[in-house]
Amino acid sequence: MSNERVVLHDLLTHGPSTQSELARRTMLSNGSVSSIVRSLLDRGLVTTSDTISSGRKATLVTPQVSTKRVAVGIDLGRSHIGLVIAKPGRELLVEERKRIDHGTPAEESLQQVRDLLTKSLAAIDRTDDDIVAVIVSVPGPIDRNTGRVVDGTILPEWVGRSADDVSRVLGLEAEIWNDADAGAFAERAWGEAANDEDFLYVKIGTGIGAGVFLRGSNYTGAFGIAGEIGHSTVDPSGNHCRCGNRGCLETVASMPVVLQHLSDALGRDVTRDELSELASSRHRATVRVIQDAGLALGQSIAMAANMLGTGLVVLGGPLSETGDVLLDAVRDGFARFAISPVAEATRVELSPLGEAASARGAATIAFEHGDALAYLVDSVDRSLRSGVDNKSSAS
């Protein structure tokens, strides 16, 4: 692959980037990247603009390859469906979220996805033929050897389901990914991890999972289920967990547990929306319940960081909507249980993406894996050949 193709391909995959970011990701020199950007600019394949990066003036490069092709990211949760449709360069065309009933059978939830996708494609003048890839994120471990959802998911109706099951209902070839892994891709593309190669994205919702990036690549382990931090033990004599063990992190820090503890304290049911409001007002009982959960989270995250040496931890998922109350508690727990070098060098931050992370990440994965990459390379080839032909004609 020529250096010009390498740079344009990187832009189509990662979206608008500074020249320094391009040099770092492509491992080309700053001078080479600058020369290539000028050539692509002359051909109308990119635009440039001034920006600020790390407090310094920089040049932002934006791809301009015209195409109708799109990637589809789908996020399936216990009570929601998320849909993102994006163009190359991570340009968002559709971002939708729909509530569904708890316990909705897998086929029924997928049919609702299919209906939402059909409606959304029509609204942006696209069809199934314009889709390069579909990625579906689910809250549970995916065995990469079999491609199936395994025990540990908060969606028991999805255990044993495979990509073939999804593809049959959607009428489109699809892959299944873990939702925390998808969230990590979104953080690298749109969030806190844009400049970090080694980080953890921890999604705290009905379940708790972590997406792991090491040396710039998503790490899923030998079986594809790395990052199941929710099933790390924080209290050996604690409550039974759905995984069969006792005292797992999920039994003390997941959203349902936090809501239940606060409801017990107040003598009435507390909703998720109310939890965020109570946290923002620093309601005393709410702060205490979230602090207890945050300390346990900090402990488990510290153990993972001690082992992996990641320099950044990003907190996402529904519980992260409680903001600084959670963040301060997790930082406290992390500082208490991480070894000194790790505690001093690691940033712990809140995700800016909220509920959008997993669906956005799924769309990002769709452009970075499989047949979508072949399409992007073809687009680059056509564009660059056109530029060469035009120059030959002019001479």
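By the scheme Lys and Arg +1, Asp and Glu -1, what is the net charge of all other residues having a beta-carbon under 14 Å from that of I290?
-2
Given a 1.4 Å probe and heavy atoms of the protein chains only, how would you sort T271, T364, largest accessible area at the top?
Final ranking, largest accessible area leading: T271, T364.
Rounding to the nearest 10 and keeping the result within 0 to 90°, find how far the Cα-based axis of helix 357-368 lies from the longest principal axis of the chain.
That works out to roughly 30 degrees.
How about the range 169-210: which GluC sites (Glu not before Pro) there lie in a loop by DSSP and see at most 16 other Cβ atoms within 10 Å?
Hits after loop and neighbour filter: E173, E197.
Can you check what the net charge comes to around G209, using other residues whose Cβ is under 12 Å from the Cβ of G209 (Lys, Arg +1; Asp, Glu -1)?
Cβ neighbours under 12 Å give a net charge of -3.
Largest first, what is the accessible-area ranking of K98, K203 with a 1.4 Å probe?
If we order K98, K203 from most to least accessible, we get K98, K203.
As a test, work out the antiparallel percent of DSSP beta bridges whose residues both lie in the chain, rounded to the nearest 5.
Once the DSSP bridges in the chain are tallied, antiparallel ones form about 65 percent.
Given (i) 154; (ii) 177; (iii) 124 as candidate values of volume of the Cα convex hull per residue in Å³, which corresponds to the one derived from the coordinates?
Here volume of the Cα convex hull per residue in Å³ agrees with entry (i).
What ranking, highest mean first, results for peptides 219-227, 207-215, 87-95 when packing means the other Cβ atoms within 10 Å averaged over each residue?
Highest to lowest by the protection proxy: 207-215, 87-95, 219-227.
Loop only per DSSP, at most 16 neighbouring Cβ atoms within 10 Å: give me the trypsin sites (Lys or Arg not before Pro) in the range 267-329, ordered by residue number.
Loop-located and lightly packed - R268, R282.
Explain nothing, just the number: relative contact order of the chain, from Cα pairs under 8 Å at least 6 residues apart, as a whole percent.
RCO, the chain: 17 percent.
Would you mind telling me the share, in percent, of accessible area of the range 249-369 contributed by carbon and sulfur at probe 1.4 angstrom?
Answer for the range 249-369 is 50 percent, counting heavy atoms of protein chains only.
Given S358, I339, G298, which one lies farthest toward the positive end of the charge dipole of the range 231-360, if we put +1 on the Cβ of every Lys and Arg and -1 on the Cβ of every Asp and Glu?
Result: I339.
Measure off, as a whole percent, the carbon and sulfur share of the 1.4 Å-probe accessible area of the range 15-100, all protein chains present.
Carbon and sulfur together cover 44 percent of it.
Between helix 30-42 and the chain, what is the angle of the helix's C-alpha long axis to the longest principal axis, kept within 0 to 90° and rounded to the nearest 10?
Long axis of 30-42 versus the principal axis of the chain: about 60 degrees.
Highest first, please rank the peptides 102-113, 3-14 by the mean number of other Cβ atoms sitting within 10 Å of their residues.
Those peptides, ordered most packed to least, come out 3-14, 102-113.
Set Lys and Arg Cβ to +1 and Asp and Glu Cβ to -1, take the dipole of the range 107-174 about its Cα centre, and tell me which of A163, G152, V132 lies farthest positive.
Highest projection toward the positive end goes to G152.
Under the definition of Cα pairs under 8 Å and six or more residues apart, what whole-number percent is the relative contact order of the range 62-134?
Across the range 62-134, relative contact order equals 33 percent.
Heavy atoms only, 1.4 Å probe, whole protein assembly: order K57, K119 by accessible area, highest first.
Most to least solvent-accessible, the answer reads K57, K119.
The values are calculated or read from the model by the stated rules, or taken from the named source; none is laboratory data. This is a predicted model, so every value here is computed, not measured. Neighbour counts are summed over all protein chains in view; Cβ atoms, including those assigned to glycine, are modelled from backbone coordinates with ideal geometry. Protein only, heavy atoms only, side chains kept; ligands, DNA and RNA dropped before computing areas. Shrake-Rupley method; radii C 1.70, N 1.55, O 1.52, S 1.80 Å.
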